[in-house]
Amino acid sequence: MNTATPQKPLRLGTRRSPLAMAQAEETRERLCAAHGWDQSMVEIVPVTASGDKILDRPLAEIGGKALWTKELDAWLFEGEIDFAVHSMKDVETLRPEQFCIAAVLPRADVRDVLVGAASIHAIPPGARVGTSAPRRAAQMLHARPDLKIVGFRGNVATRLAKLQADEADVTLLAAAGLQRLGETGVGTPLSEFEWLPAPAQGAIGIECLVASDAVRGWLAAIDDRPTHEAVLAERALLAALGGNCHSPIAVLTTHHESSLTVRAAIYSPDGAERIEASETFAPADPEGPKRLAHRLLSEAPESVTVHFSGA
């Protein structure tokens, strides 16, 4: 591990949204604490991502997850920043080969939080659910086919304001995001065993150039191995399924002493079809996620598989 102090402050790129800035602050605090550096040794460099500028259309219609990463990717390529912080659930499955996920911070609460009702069953008949996430929409329609989905994008404050303005009756937010923003009194957390989370939900990843040996060495000090293993397995499942921004996928990973159990469900977008399977495998086994993807797709009807290129 590289223990030398950097010659000049390291530049940490992040989106400018309040949640992304909170994640960057957490990354800086952990990195400086791990190495005994002053906070001034890590400079936070914010960028306004395309995904934060275009809020009137679903992400899948305007370029998918790349809208959260392309500006930071360009800065990383050009040497404007030394590393970038991401919500791992917002990072495309296939990344440029010059990049590596050098560290993943300890995973926060993976659950979704329901805002506007005490439970799924307590939502009034025919109510409007504000979400632009295919997973949340499909899960909700599977549980409550009487409900109506309305498009809802923006950061946490924007979505809560839209709910307050009666643009929807209920919405869903990630517990991890609410906690990182100090909004812990909002809504009702849904059991992660009954309402499976998004792949990599609650995980913060730090990406840098593969060639940046010194940066990789510094970041290794804050890598949480169990979280990193779970995130890699969930992303490998996404890759094997051929999932994209249109594909409703939910997944929960459980750690054992020397293995992971990954439980996943895939849906038709209207929630009518749901296929669930699980697989237990060693963290370093690349075949485990592929086996799980094969099982899910082989049991799924065409109304589901049409949304996955791995079929």
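We did not get these values from a lab; they are worked out from the coordinates using the rules stated. No experiment lies behind these values; they were computed from the predicted model shown. Positions of Cβ are generated from backbone atoms using ideal geometry, with glycine treated the same way; all protein chains shown enter the neighbour counts.
Taking amide H as placed 1.01 Å from N in the peptide plane, A127 has its amide H under 5 Å from the amide H of K148, each at least 5 places away in sequence or on another chain. What is the calculated FRET efficiency for D285 to T184, with r their C-beta to C-beta distance and R₀ = 45 Å, to the nearest 0.05? It comes out at approximately 0.75. Shown for M140, M21: other C-beta atoms within 10 Å of each C-beta, ranked fewest to most, produce the order M21, M140. Each of F152, F193, F99 was scored by other Cβ atoms within 10 Å of its Cβ. Listed from fewest to most, they are F193, F99, F152.
Give me the distance in nm between label points sitting 7 Å out from Cα along the Cα-to-Cβ direction at S258 and V306, one decimal. Calculated label separation equals 4.6 nm.
Distance from the alpha carbon centroid of segment 9-45 to that of segment 219-236 works out to 19 angstrom. Treating r as the C-beta distance of R295 and S191 and R0 as 22 Å, the FRET efficiency rounds to 0.40. Listed by chain and number, the aspartates and glutamates whose alpha-carbon sits under 12 Å from that of K290, ignoring those within fewer than 8 places in the same chain, are E234, E279. Considering only the chain, what is the antiparallel percent among its DSSP beta bridges, to the nearest 5? Just about 70 percent of them are antiparallel. Phi angles of segment 76-93 translate, via the Karplus equation with coefficients 6.51, -1.76, 1.60 and θ = phi - 60°, into HN-Hα couplings of 5, 4, 7, x, 6, 10, 9, 7, 10, 10, 9, 6, 5, 6, 9, 9, 3, 5 Hz per residue; Gly and Pro are given as x. Around Q23, what is the net charge, scoring Lys/Arg as +1 and Asp/Glu as -1 over all other residues with Cβ under 13 Å from its Cβ? The answer is +2.
Sorted fewest first by neighbouring Cβ atoms within 10 angstrom, V85, V150, V115 come out as V150, V115, V85. Once each part is reduced to its C-alpha centroid, what is the distance from segment 143-169 to segment 247-311 in angstrom? If you average the Cα positions of each part, the centres end up 28 Å apart. Phi angles across segment 149-156 convert, under the Karplus curve 6.51 cos²θ - 1.76 cosθ + 1.60 with θ = phi - 60°, into 3J(HN,Hα) values of 8, 10, x, 8, 10, x, 6, 4 Hz, Gly and Pro given as x.
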